[in-house]
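The values are calculated or read from the model by the stated rules, or taken from the named source; none is laboratory data. For clarity, every value in this text was computed on a predicted model and none was experimentally measured. So basically every Cβ, Gly included, is an ideal-geometry build from the backbone, and we count neighbours across all protein chains shown.
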Amino acid sequence: MSALDWLVFAAYLAVTAGIGFWAGRHHSTTEDYFLGSRRVPWWAAMLSLVATETSAVTVVAVPAMMYAPGGDFGFLQCAIGFAIGKALIAAFILPAYFRKSITTPYEFLGDRLGGSGQKAGALLFMSALFIGAAFRIYVGAIPLTEATSLPLDSCLFIIAVLAIAYTLVGGLRAVIYTDVFQMILFLGGGAIVFVYVLFQLPEGWNSYASAAREAGKTGLFHSGFRHDGSGGWSYDWSAAHTILAGFIGATAVTLATHGTDHSNLQRLLACKSLRNARAALVLSGFIVFAQFALFLAVGAAVYAFYQVAHQAPRLEDSNAILPYFIVNQLPNGLSGLLIAGIFAAAMSTLDSALSALSATTMKGWKRNLGTQVSDLHELTLARWSVLVWGLVLWVGAIGASRLGKGDLISAIFTAANSLYGPLLGVFLIALVLRRGPSPEGGESSEGSRTAPIWVPLMIGLSVQLGFFLVGQKWFADRVGFEGLYFSLGWPWVTLTGALATFLPALAIFVLTRRTKPAPP
């Protein structure tokens with residue numbers, strides 16, 4: 001990076017820190033700290049929500065997915081499913097949360113399913129978020145290392161220190177308003193790359209469209225059905241970018257990630273009213289769709305650039321194509337701005353995780369101990385929780401960097417996402433079956449005999465583990481049975497786990513109702 005690039009990058013760090021410390025003034029209670037006093041404007045919650053959904057993996061990997069052979073706009077089918085899921089959450093799930101005036105969604109589980117339900121939801125959430133965030137932070141630091149020549153551990157340290165500092169001081173308000181700035185930065189950076197490439201191509205838009213069309217990159221909708229060996233048709237369950245996977249599977253993914261994951265929900269719960277939260281959530285679906293369309297178009301533009309005007313680079317990892325283009329093709333200053341955009345996406349991942357993990361930890365601590373402490377003492381404990389979780393995530397990101405194998409990273413991401421299926425199943429039990437299986441077994445509040453919540457949860461986790469293992473070639477090779485290998489597209493994983501958790505609970509609920517003794 002040039003001196004001008006470093007100056008732009010340093011300016012980004014200064015502005016981010018300034019926004020975070022400014023937004024975090026005048027905290028007096030944990031409700032101020034974790035929910036911004038429930039006075040966050042809907043537009044800020046919406047933009048922050050979009051920033052949280054956009055990790056550095058998205059900024060780097062989505063253009064690479066389009067650039068690679070066979071890449072097209074098919075991923076937008078999943079983006080449509082994301083928007084559908086958000087509309088369903090706004091209609092059916094958010095009202096239940098706002099009626100309870102909760103800080104985290106796991107308090108809702110505690111109210112419906114008792115202490116065990118709250119513990120189960122919180123543990124699933126924290127486990128999934130820790131694994132996913134640690135690896136996303138690591139992946140976000142990779143392009144920074146390549147662009148700045150700083151050691152990877154140094155990049156991880158910079159990300160951790162800055163995010164911990166402004167989250168520690170400013171709480172959720174600092175997270176939200178820094179996210180707004182960071183979202184504008186990386187979306188603006190993506191638009192700049194796209195426009196810059198168009199000006200570099202011989203015929204501008206025509207060159208871009210022609211190169212994309214000839215490479216088959218303009219496709220959007222895919223049925224997922226294919227001819228089988230007997231002359232009939234079969235559905236490809238391993239394909240992620242199909243109409244059914246997008247409209248059904250991706251909808252289920254969003255019900256889990258935005259209906260049960262506090263790192264996303266915390267912005268909505270901080271809104272002034274249910275109406276504002278609904279507006280923030282539904283409108284974010286349209287922005288996310290446009291965002292994915294933009295970064296897919298960026299990938300097609302970079303492809304056209306190297307096909308039409310320049311020699312395509314030979315990279316060991318195709319995911320590095322956008323960072324390579326930024327460092328080697330963009331003018332000084334502009335390159336620094338785009339690297340700052342990737343850095344912003346990594347920061348947004350960490351600050352959201354810190355706030356959500358800390359809030360969940362504090363609420364669980366208060367419920368389990370049942371002790372009363374002063375607002376000042378509780379606020380101090382909340383900040384200590386942010387610091388501890390920040391150090392844990394930093395160590396986790398370092399550990400992720402030591403693993404170093406791309407296929408293992410992919411497997412870990414799949415394992416983290418697999419936890420959201422059972423988590424969604426637990427919430428469905430609470431929402432649909434009211435009290436569902438009782439927390440400790442025995443009699444529920446209605447007097448029906450039910451099984452513990454852990455029974456359907458263990459079934460759901462077992463099913464998810466099974467699908468995870470049979471989807472890994474190393475497992476099939478190790479057990480010596482290649483025919484066992486079955487790859488399930490990622491949009492279907494969450495739905496499978498949710499149904500495997502909810503259906504046993506439904507069966508228990510129905511059976512106990514039928515066997516309930518008649519009143520004397």
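The table below gives the values:
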{"quantity": "Complete set of residues in region 195-241 that are without any contact (Cβ under 8 Å) to a residue 12 or more places away in the chain and either under 21 Å from Cys78 (Cβ atoms) or assigned to a loop (DSSP other than H, G, I, E, B) (or both)", "calculated": "Glu203, Gly204, Phe225, Arg226, Asp228, Gly229, Ser230, Gly231, Gly232, Tyr235"}
{"quantity": "Condition met for Ser101 (out of contact with any helix residue (DSSP H, G or I) (no Cβ under 8 Å at 6 or more places or on another chain) and small (Gly, Ala, Ser))", "calculated": "yes"}
{"quantity": "Boolean, Leu268 is at pLDDT 95 or above, buried (at least 24 other Cβ atoms within 10 Å of the Cβ), under 15 Å from Ala87 (Cβ atoms) and assigned by TED's automatic domain parsing to the domain that holds Val59", "calculated": "no"}
{"quantity": "Ala120 among the small types (Gly, Ala, Ser), within 16 Å of the chain's Cα centre (by Cα) and modelled with pLDDT under 90", "calculated": "no"}
{"quantity": "Qualifying position, being within 14 Å of Gln266 (Cα to Cα), touching a helix residue (DSSP H, G or I) at 6+ places or on another chain (Cβ under 8 Å) and small (Gly, Ala, Ser), among Gly140, Gly110, Gly171", "calculated": "Gly171"}
{"quantity": "Sole residue being of a type outside the set (Ser, Thr, Tyr) and within 30 Å of Asp32 (Cβ to Cβ), chosen from Leu88, Leu94, Leu76", "calculated": "Leu94"}
{"quantity": "Yes/no for Phe305 being aromatic (Phe, Trp, Tyr) and closer than 30 Å to Trp389 by Cα", "calculated": "no"}
{"quantity": "Wholly within region 85-169, helices (runs of 4 or more DSSP H) carrying at least 1 residues that are surrounded by 20 or more Cβ atoms within 10 Å (Cβ to Cβ) and of a type in the set (S, T, N, Q)", "calculated": "115-148"}
{"quantity": "Tally of residues being at pLDDT below 60 and of a type in the set (Ser, Thr, Tyr) across region 388-424", "calculated": "1"}
{"quantity": "Failed criterion for Ala61 (all others in (1) part of a helix (DSSP H, G or I); (2) surrounded by 24 or more Cβ atoms within 10 Å (Cβ to Cβ); (3) of a type outside the set (D, E, K, R) hold)", "calculated": "(2)"}
{"quantity": "Scan of region 241-260 for residues that are buried (at least 22 other Cβ atoms within 10 Å of the Cβ) and either touching a Pro at 6+ places or on another chain (Cβ under 9 Å) or not assigned by TED's automatic domain parsing to the domain that holds Leu123 (or both), ordered by number", "calculated": "His241, Thr242, Ala245, Gly246, Gly249, Ala250, Thr251, Ala252, Val253, Gly259, Thr260"}
